[in-house]
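Let me begin by presenting the structure, written as structure tokens, before commenting on it.
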Amino acid sequence: MHADTLIAISAFIVLAMGTGHLLLTFLTDRMDPRDPALSARMKEVAPHLSGRLTMWNTHIGFNASHSYGPMIFGAIYAWLALAHPSFLMQSDFLLALGAVVFAAYIFLAIRYWFWAPLTGLSISAAFYVVGIALTRLQF
């Protein structure tokens, strides 16, 4: 398999994870607290930041914006891998940036999240690292 294909697969996994998170946020109750009383209280309480907000709105906004990062990362790296593979594969900066993004997300997954994002990110990162390794073997 070609290095650009591996990196594109990696990017599509991240894009799918971000999209799934966004859909879970808006179309399901999977991101809601298990305690209905806590949900109700979150809809009443404002953070110190602004009296116009509620903790519920910040919760929804955080989850939505949290989805956008992986979606943008995945879309850009998939596009680069498929439409401009030589540019991506020859850019030490972009390849290193992608590796840093994966390292940061994996750190967060280990420290703060649960098994599903860690599994998806680990699989995606493995495709990415193998893609970079193949790139270095080709050049």
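The values are calculated or read from the model by the stated rules, or taken from the named source; none is laboratory data. Because the structure is predicted, anything quoted here is derived from the model rather than measured. All Cβ positions, even for glycine, are placed from backbone atoms using ideal geometry, and neighbour counts span all protein chains on display. Just the protein is used for accessible areas: all its heavy atoms, side chains included, with ligands, DNA and RNA removed. Shrake-Rupley method; radii C 1.70, N 1.55, O 1.52, S 1.80 Å.
Assorted remarks:
- Our compactness index for the chain, the C-alpha radius of gyration over the empirical 2.2 N^0.38 Å, is 1.26.
- Averaged over its residues, the stretch 1-133 has an accessible area of 61 Å² per residue, based on protein heavy atoms and a 1.4 Å probe.
- Additional length obtainable on full extension of the chain from Leu49 to Thr119, 0.36 nm per residue less Cα span: 21.7 nm
- Net lengthening on full extension, Asp92/Thr5 (0.36 nm per residue, minus Cα-Cα): 29.6 nm
- With helices as the sole contributors, the chain gives -27000 deg cm²/dmol at 222 nm; each DSSP H run of n ≥ 4 counts as -39500 (n - 2.57), and the sum is divided by every residue.
- Within the stretch 51-78, backbone nitrogen closer than 19 Å to the virtual label 7 Å beyond the Cα of Ala99 toward Cβ: 74, 77-78
- With a 1.4 Å probe rolled over the protein heavy atoms of all chains, the accessible area of Asp32, Asp92 falls in the order Asp92, Asp32, largest first.
- Relative to the 2.2 N^0.38 Å rule of thumb, the stretch 19-78 has a C-alpha radius of gyration ratio of 1.31.
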